[in-house]
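One structure below.
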Amino acid sequence: MYQKLDGSKWRHIWIVGDIHGCYQWLMDELARRDFNPSQDLLISVGDLIDRGPDSIKCLELMRENWFRAVRGNHEQMALDAINNNDFSLWALNGGIWFSSLSHPQKLIAMELLKETGSLPHIIEMTCDNGKNVVAHADYPSAHYEWGKSVNKQQILWERHRLTTFMCGKGEGISGADHFWFGHTPVDKRYDFGNLHYIDTGAVFGGVFTLVQLQ
């Protein structure tokens, strides 16, 4: 559920909002930032797949040494679909691309989708800007602790903390310097204290938000 990274192993570290199959767009954004795969690291807040044009290539990023990701709700929907042999919910939420693949492509995709079951729900990393915690939608507690038992469903799906912040209220999280979330498309990056929401809806005609942590 938790994975810990040592930021000192990389030159530069970037974090990116929901990718959703937009592989080439992501590559273009990395090229503009002179990203060096032999020295730098990219961390994803989850939702590698669905809705965009190239979910398979985005899944293949999991096998790159320069890439890390937490699990998103779209990866979880795909895993549930495979495990339960019920593709209806996933298909309704952008997973329809899977059914249009050829048989050889489906075998490749199936293997990659199963590998998303090894993605952590939470990444903790210490780098130049302090202790960073990455999760897809939320860290469902008022205080972060390594290894703490928290609700996995809320990590993947919860929007309440963000929506209350948007209404001028909201409760922060202690225990780390920065928390990074995606999941809910917003018109721009939002920062509420040490909480950062960076899914700026690239696949919906928005932009990719990449933030340099180191």
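Across the cross-link table entries LYS114/LYS188; LYS131/LYS152; LYS4/LYS152; LYS114/LYS152; LYS57/LYS114, which are compared at the Cα atoms, the separations over 23 Å belong to LYS114/LYS188. The calculated 222 nm mean residue ellipticity attributable to helices in the chain amounts to -7500 deg cm²/dmol, summing -39500 (n - 2.57) over DSSP H runs of n ≥ 4 and dividing by all residues. Ordering PRO185, GLN153, LEU113 by the projection of their Cα atoms onto the charge dipole of the chain, which places +1 on the Cβ of Lys and Arg and -1 on the Cβ of Asp and Glu, puts GLN153 at the extreme positive end.
Of the residues SER44, CYS22, MET1, the one whose Cα sits farthest towards the positive end of the charge dipole of segment 1-49 is MET1 (charges of +1 on Lys and Arg Cβ, -1 on Asp and Glu Cβ, taken about the Cα centre).
In this Cβ point-charge picture (+1 for Lys and Arg, -1 for Asp and Glu), the chain has a dipole of about 140 debye about its Cα centre. Relative to the 2.2 N^0.38 Å rule of thumb, segment 30-104 has a C-alpha radius of gyration ratio of 1.25. Compactness check for the chain: Cα Rg over 2.2 N^0.38 Å is 0.97.
Sorted on the mean count of surrounding Cβ atoms within 10 Å across their residues, most packed first, peptides 2-10, 134-142, 41-49, 91-99 read 41-49, 134-142, 91-99, 2-10.
Bear in mind these aren't lab numbers, they're just calculated from the coordinates by the rules spelled out. Bear in mind the structure is a predicted one, so any value in this text is a computation, not a measurement. We place every Cβ from the backbone using ideal geometry, glycine too, and count neighbours over all the protein chains shown.
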